[in-house]
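In what follows, a structure is listed as structure tokens, so that the remarks can point back to it.
The values are calculated or read from the model by the stated rules, or taken from the named source; none is laboratory data. Everything numeric in this text was worked out from a predicted model, so none of it was measured. Backbone-built Cβ (ideal geometry, glycine too); neighbour counts: all protein chains shown. SASA here: full protein model, heavy atoms, side chains in, ligands and nucleic acids out. Shrake-Rupley method; radii C 1.70, N 1.55, O 1.52, S 1.80 Å.
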Amino acid sequence: MILLDGKKTSADIKQEIAKSVEEIKKQGRRAPHLAAVLVGIDGASMTYVGAKVKACQLVGFESTLIKLPEDTSEKALLQQIEALNNNPDIDGFIVQLPLPKHIDEQKVIMSIDPNKDVDGFHPVNVGRLTLGLPTFISATPFGIMELLERYEIPTSGKHVVVIGRSHIVGRPMSILLSQKRKAGNATVTIAHSRTKDLKSLTQQADIVIAALGIPEFLTADMVKDNAVIIDVGITRVPDDSKKKGYRITGDVDFKAVSNKASHITPVPGGVGPMTIAMLLKNNLLAYNGIG
Ligand code: GUN
């Protein structure tokens with residue numbers, strides 16, 4: 001069994017980005033600049049945004065964190081986004097989700113300039129991805145594609161079962177894997193909560209991508225020998241033995257499934273760390289112009 005080490009791979013990618021930034025600075029040009037907008041004080045969101053800002057520093061990017069109070073109006077947030085859209089010193093920015101309930105998330109995403117939408121959530125970028133045009137691929141699917149490529153996992157003609165049809169992970173993943181591209185050309189089944197006899201599908205899969213958000217859902221009896229297993233789950237499960245009071249659990253029963261798999265991502269240390277590296281990569285793309 002080979003561990004698909006997201007921690008190491010993301011460190012490699014960050015190093016590559018840092019090198020590009022060094023080159024940029026050597027030419028006397030300004031560094032790429034990423035901004036993040038955080039509304040409210042959701043614990044997980046604060047952790048994620050903090051990690052994104054720290055990663056910017058590591059690679060030599062400028063970063064700006066805009067913290068807004070929980071009761072920020074939708075109008076005030078849209079004005080903030082407009083300011084970022086029009087600020088020539090900001091190459092890309094993200095609005096951390098979820099947003100407070102009184103704010104329409106879709107409206108917010110639609111207001112972001114697609115050329116600065118380094119999350120790849122804007123319909124223009126989702127459309128570009130679907131058509132196989134240059135775009136910002138959202139961080140999780142982009143990170144998984146990068147892991148498959150760097151570990152040279154064959155995907156052409158393989159059967160991939162993606163469990164989960166979210167706009168951010170399952171759906172784009174299924175599109176990318178079926179495209180004529182690197183780590184593509186796969187035959188993809190997209191499964192979800194209404195799928196009948198999921199086990200019979202996953203048992204046929206050469207690659208399983210578990211992105212449904214149910215801890216340890218994928219068990220050893222559901223996978224065939226030598227399958228490649230990608231675990232996208234990051235559920236916080238209460239655990240008194242941990243200092244934080246919880247542990248991060250994936251969608252895969254790692255202990256049992258790793259005995260059958262040829263390759264598997266651990267949780268934590270698999271897909272998770274890749275997402276930040278890919279956000280940085282998107283911001284470098286935004287800086288260089290995605291054209
Ligand atoms: N919340 C959880 N993941 C993400 C992400 O990738 N981008 C944004 N903007 N919010 C998130």
Legend entry - Scan of the stretch 96-143 for residues that are closer than 19 Å to Ile175 by Cα, without any contact (Cβ under 8 Å) to a residue 40 or more places away in the chain and within 11 Å of the ligand (Cβ to nearest atom), ordered by number: Ser138, Pro141
Legend entry - Unmet requirement for Gly50, which otherwise passes all of (1) within 29 Å of Glu23 (Cβ to Cβ); (2) in contact with a helix residue (DSSP H, G or I) (Cβ under 9 Å, 6 or more places away or on another chain); (3) within 15 Å of the ligand (Cβ to nearest atom): (2)
Inset, instruction - Write out, first by first residue and then by second, each pair whose Cβ atoms fall under 8 Å of each other, whose residues are 6+ apart or on separate chains, and whose first residue, in the stretch 35-58, is over 15 Å from Leu280 (Cβ atoms) while the second is of a type in the set (D, E, K, R). - result: Leu38/Lys67; Val39/Glu70; Gly40/Glu70; Ile41/Glu70; Ala44/Arg236
Inset, instruction - Say whether the condition of being farther than 22 Å from Asp5 by Cβ and modelled with pLDDT of 95 or more is met by at least one residue in the stretch 251-260. - result: no
Legend entry - Single residue of the stretch 25-34 satisfying the filter (more than 14 Å from the ligand (Cβ to nearest atom) and in contact (Cβ under 8 Å) with a residue 24 or more places away in the chain) that is surrounded by the most Cβ atoms within 10 Å (Cβ to Cβ): Pro32
Inset, instruction - Return a yes/no flag: does the stretch 74-94 have any residue that is modelled with pLDDT of 95 or more, within 10 Å of the ligand (Cβ to nearest atom) and within 20 Å of Leu285 (Cβ to Cβ). - result: yes
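Does the stretch 39-57 hold any residues that are of a type in the set (Ser, Thr, Tyr) and surrounded by fewer than 15 Cβ atoms within 10 Å (Cβ to Cβ), and which are they?
The answer is Thr47, and nothing else.
So for the stretch 18-33 (the condition being out of contact with any strand residue (DSSP E or B) (no Cβ under 9 Å at 6 or more places or on another chain), part of a helix (DSSP H, G or I) and closer than 28 Å to Val232 by Cα), does at least one residue qualify?
Yes, the stretch 18-33 contains a residue that is out of contact with any strand residue (DSSP E or B) (no Cβ under 9 Å at 6 or more places or on another chain), part of a helix (DSSP H, G or I) and closer than 28 Å to Val232 by Cα.
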Inset, instruction - Note down all Cβ pairs under 7 Å where the first residue falls in the stretch 226-251 and is within 17 Å of Gly270 (Cβ to Cβ) and open to solvent by 30 Å² or more (accessible area, probe 1.4 Å), the second is among the hydrophobic types (A, V, I, L, M, F, W, C) and outside any strand (DSSP E or B), and they're at least six residues apart or on different chains. - result: Ile234/Val267; Ile248/Ile234; Ile248/Val267
Inset, instruction - Among the candidates Ser193, Ser174, single out the residue that is part of a loop (DSSP other than H, G, I, E, B) and under 21 Å from Val223 (Cα atoms). - result: Ser193
Inset, instruction - Run down Leu212, Leu284, Leu198 and say which single residue is open to solvent by 30 Å² or more (accessible area, probe 1.4 Å) and either more than 16 Å from the ligand (Cβ to nearest atom) or on the phi < 0 side of the Ramachandran plot (or both). - result: Leu212
